[in-house]
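The values are calculated or read from the model by the stated rules, or taken from the named source; none is laboratory data. Source: prediction; values computed, not measured. Counting neighbours? That spans all protein chains shown, and the Cβs are built from the backbone with ideal geometry, glycine included.
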Amino acid sequence: MTLPALTLAPSRQDADAFREDEPLGVPVRRLLAVLIRRAWLVLLVLVAGLAAAFAWLDRSPPVYRAEASVLIEPRSTQVSDLQAISADSSSANVMRTQIDILRSPAISRRVVDQLGLAEEPEFKGGPGLSARVMAMLHDTFGLFPDAVRIPATGDAREMAAAILASRIGVQNEPRSNVLIVWIETQSPELSARIVNALANDLLEFRRRQKGAAMERAHAWFNDRLGELAERMRQSERAIEAYRIEHGLTEMIGMRSGATPVLTVNRQQLDDIARQLVAAEADRLRKEGQLDEAQAALRAGGRADALPEVMNSPIIRTLRDQEAVVAAREAQLSARLGARAPDMMAARAELVGLQRRLREEMANAMAGLRSEVAAARAQEQSLRDRMAALRATVARDNIAEVRLQSLQAEAQANRAIYESFLNRATQLANASGIQEADAELVSEAIPAEAPSGPRRGRLLALAFGGSLVAGIVLAFLIERLRDGFSTPDALEGALGVASIGLLPKVGQRAMLGGSGVAAAQYAASVARLRGIIQVLGRERRIRTVTVTSALPREGKSALALGLARSAARSGSRVLLVGADMRNPIMTGTGEADRGAGLAEILAGNLVGDGREVLREIEKGLHLLPSGRLAGDAQELLGSPRLGKFLEWASENFDLVVLDTPPVLPAADALLVARATDATVLAVRWEHTPRAAARDALRLLQGSGAQVLGAVMTQVKLRHFARQADHGLAHLFRHHRGYYGHPTDGRV
């Protein structure tokens, strides 16, 4: 019966993903399996670590801890704003700064000199191993910024200072200004003396620091005061020189806001302006009088028509006399004749008076004209002088703008000088009343009991560190393995289907013994045979090549198991030993080294070669590899191989060919291209991935129909614990499903 064609694709094709995930990036079960497998290594590292910790504790002398509390609270007397001179007490860096000061080489050297630590045995020989390692990491990679710098010279004082700096411990709780300074030595008295010396040195340093800050501020203020005083004097000299140069020395009044300062020229300009207004009014008045007098004269010079300016006493007297003489003339003309002497005398007197009146009026008009001309001349003179003063005042105003700038600069310099003078005075008054900003809260006293080594803590650390180191080492070794642990990893790396796996069992179980191992092996081979049967594309697979990438991969056992399983199912099977360098071992004794495939391919046999076949089990026939007399590749590459396989396909239900490994020789490539299918044997967790990929590439390049890969020599217990494959689930929960006597499935 012909089975339907079926192509089994790998479950995942992304090889890079498997290379990343295998063997560490996998589920928890896989990690636990690695730990169980490498439990001996983890246990060995754990025991070694604990043994080393016990040995170190046994040799370590007791140490005594002494500690002192120092309050760091920067404060200063509030004198104006001089607190800016001191460090900011709210800065988050204050406490860190004090810690760095405590660990500074300068303080360590002073304490070493003060207590003579260079002669103490504990402070000889340089810092310990941990301090040296931290110093090396700091110099190389920039790690451990607090690492102690080991002196290059062998000076005892420098070495003692380095050891002391490496042992100084400082603690500071968050949001607290109290530093806990501690140290551990083999002597309780020495520990107390060192801690107290460190605390006192820190306090002294803080006092020196504060005094030095005040001195620097005072010196700076003095220097600045000298500079500001000289600048203020220069500004005032510049103002005076500018005033003299531009004639601004005579000032009238004081400046107030935007009101200009009055100068002599400006006052004169104001006076001339007032005089000009009065002169213009006087001119207009006189011109009006002149116009009025001229109009009166043109009207006949009547008395009632003359302006007041024309009615002078003389003119009024003459007018009165004219009126009297005119009246007498009128009386005389009524009584006397025209030629009467009195009449003529009166008329002559009237004419004389009129002539004098006209003369006086002419003189008055001339006076008015003179006054108008004088008023006009005075007005023009005032206007000319006013124009000159305006030009002078304009120049003064321009000069005054620059003067105002100089005065503003001088005022600013004076204000700065007075401010600095005031602060310098305050600083001088405050320098003697500054309060201490650090205080020793509690001194160190000698400890009554040793503080270390802390055996419980150290053993716990050793246990944890050793356990972590063992686990890391186990995973590192697992990571360095190059084989395949799961079918998913094999499929992802090779790109072909994983069609089965063969458990690692003994020779007896492999050859068909009884028991769970034999049943599992037989079930695995039967499953593989069934998969091969359904993987045919157009016709049933009759010839199968079994090969591997490297020797000792279990390919011969795979070929023998596949052939025996098919024969036990009732098929006629031919097992061909195509590996002429390593004959098949069937378990019935040493493989026959008589005539076989080599003789058939060489044409040294008469007939079709049936006489060289040997039935080792019912339905299972064996064709040995024969005696190799020439080149195996030449024989396998001859046309006789195809004819032989055609004959074998017609006379047997299944032909299994056991070939040499692919990488050492090309024999398998020649056989695989002539058969219906090829199965690649890959040893579980042993075959290198690169070797398997190269072998698969060569097979596919030769035209072989590679059905898939089979994992051989699999330790089912480990495989079931670490894999998520369906077979792993089967072996975890249904170990005896195929053929286990207790399951009733035999």
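Six or more apart or on different chains, Cβ under 6 Å: which pairs go from a residue in segment 555-567 that's under 13 Å from residue 678 (Cα atoms) to one that's of a type in the set (Asp, Glu)? Could you list them? As it stands, the answer is 559/658, since those pairs meet every condition given.
Residue check, residue 655 against (1) surrounded by 22 or more Cβ atoms within 10 Å (Cβ to Cβ); (2) over 19 Å from residue 499 (Cβ atoms), all met but one. Which one? Only one criterion is unmet by residue 655, namely (2).
Considering (1) over 58 Å from the mean Cα position of the chain (by Cα); (2) more than 20 Å from residue 695 (Cβ to Cβ); (3) crowded, with 20+ Cβ neighbours inside 10 Å, the lone condition that residue 544 does not fulfil carries the number (2).
So which residues in segment 466-494 are under 30 Å from residue 62 (Cβ atoms) and in contact with a helix residue (DSSP H, G or I) (Cβ under 6 Å, 6 or more places away or on another chain), if there are any at all? So that I can check it myself, show each step before the final result.
Taking segment 466-494 and keeping what is under 30 Å from residue 62 (Cβ atoms), we get 466-469.
The answer is 466, 467, 469.
Here residue 227 meets each of (1) in a helix (DSSP H, G or I); (2) more than 21 Å from residue 113 (Cβ to Cβ); (3) within 39 Å of the chain's Cα centre (by Cα); (4) charged (D, E, K, R) with one exception, condition (3).
Summed over segment 33-70, the residues that are surrounded by fewer than 18 Cβ atoms within 10 Å (Cβ to Cβ), small (Gly, Ala, Ser), farther than 30 Å from residue 442 by Cβ and under 43 Å from the mean Cα position of the chain (by Cα) give a count of 3. Looking across 413, 363, 422, one residue alone is closer than 30 Å to residue 209 by Cβ, in a helix (DSSP H, G or I) and out of contact with any Asp or Glu (no Cβ under 7 Å at 6 or more places or on another chain). It is 422.
Here are some residues: 131, 212. Which one is closer than 18 Å to residue 104 by Cβ, part of a helix (DSSP H, G or I) and at pLDDT below 70?
None of the others qualify; the one that does is 131.
Only one entry of 692, 648, 677 meets the criterion of being modelled with pLDDT of 90 or more, crowded, with 23+ Cβ neighbours inside 10 Å and small (Gly, Ala, Ser), and that entry is 692. Checked against (1) under 29 Å from residue 509 (Cβ atoms); (2) surrounded by 14 or more Cβ atoms within 10 Å (Cβ to Cβ); (3) at pLDDT below 85, residue 575 passes all but a single condition, namely (3).
Whether any residue in segment 195-204 is of a type in the set (A, V, I, L, M) and either free of Cβ contacts under 8 Å to residues at least 12 places away in the same chain or loosely packed, with under 15 Cβ neighbours inside 10 Å (or both) is what I want to check. Show your work before the answer.
Initially, segment 195-204 is screened for residues of a type in the set (A, V, I, L, M), giving 195, 197-199, 202-203.
Restricting the remaining residues to those that are either free of Cβ contacts under 8 Å to residues at least 12 places away in the same chain or loosely packed, with under 15 Cβ neighbours inside 10 Å (or both) gives none.
No, segment 195-204 contains no residue that is of a type in the set (A, V, I, L, M) and either free of Cβ contacts under 8 Å to residues at least 12 places away in the same chain or loosely packed, with under 15 Cβ neighbours inside 10 Å (or both).
Given the structure, is residue 558 at pLDDT 85 or above, part of a helix (DSSP H, G or I) and surrounded by fewer than 23 Cβ atoms within 10 Å (Cβ to Cβ)? It is false that residue 558 is at pLDDT 85 or above, part of a helix (DSSP H, G or I) and surrounded by fewer than 23 Cβ atoms within 10 Å (Cβ to Cβ).
Can you confirm whether segment 59-68 contains a residue that is more than 30 Å from residue 684 (Cα to Cα), modelled with pLDDT of 85 or more and in contact with a Lys or Arg (Cβ under 9 Å, 6 or more places away or on another chain)? Checked segment 59-68: at least one residue is more than 30 Å from residue 684 (Cα to Cα), modelled with pLDDT of 85 or more and in contact with a Lys or Arg (Cβ under 9 Å, 6 or more places away or on another chain).
Contact annotation: residue pairs with Cβ atoms under 6 Å, 6 or more positions apart or on different chains, pairing a residue in segment 382-401 that is of a type in the set (Lys, Arg) with a partner that is surrounded by 14 or more Cβ atoms within 10 Å (Cβ to Cβ), are 385/272.
Out of all the residues in segment 179-209, which are assigned to a helix (DSSP H, G or I), farther than 15 Å from residue 71 by Cα and among the small types (Gly, Ala, Ser)? Give the derivation first.
Kept after step one, since they are assigned to a helix (DSSP H, G or I), are these residues of segment 179-209: 188-209.
Still in the list and also farther than 15 Å from residue 71 by Cα: 188-194, 197, 208-209.
191, 192, 197, listed by residue number.
So is residue 189 of a type in the set (Asp, Glu) and either closer than 21 Å to residue 112 by Cβ or assigned by TED's automatic domain parsing to the domain that holds residue 411 (or both) or not? Yes: the conditions hold for residue 189. Here residue 275 clears all of (1) at pLDDT 80 or above; (2) assigned by TED's automatic domain parsing to the domain that holds residue 104 except the condition numbered (2). For first residues located in segment 351-364 and under 21 Å from residue 330 (Cα atoms), partners that are of a type outside the set (D, E, K, R) and surrounded by 13 or more Cβ atoms within 10 Å (Cβ to Cβ) and lie 6+ apart or on another chain with Cβ distances below 8 Å form the pairs 353/318; 353/321; 353/325; 356/318; 357/301; 357/315; 357/318. For the residues 237, 208, 231, the requirement of being basic (Lys, Arg), out of contact with any Leu (no Cβ under 6 Å at 6 or more places or on another chain) and surrounded by 15 or more Cβ atoms within 10 Å (Cβ to Cβ) singles out 231. With the checklist (1) touching a strand residue (DSSP E or B) at 6+ places or on another chain (Cβ under 9 Å); (2) at pLDDT 60 or above; (3) more than 22 Å from residue 444 (Cα to Cα) in hand, flag the one item residue 11 doesn't pass. In the conditions (1) touching a strand residue (DSSP E or B) at 6+ places or on another chain (Cβ under 9 Å); (2) at pLDDT 60 or above; (3) more than 22 Å from residue 444 (Cα to Cα), residue 11 misses (2) alone.
Per-residue answers, yes or no, for (1) polar (S, T, N, Q); (2) under 30 Å from residue 316 (Cβ atoms); (3) out of contact with any strand residue (DSSP E or B) (no Cβ under 8 Å at 6 or more places or on another chain):
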site	(1), (2), (3)
348	no, yes, yes
355	no, yes, yes
377	no, no, yes
396	no, no, no
409	no, no, yes
439	no, no, no
444	no, no, no
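Residues that are modelled with pLDDT under 85, of a type outside the set (D, E, K, R) and in a loop (DSSP other than H, G, I, E, B) within segment 437-471 comprise 451, 453, listed in sequence order.
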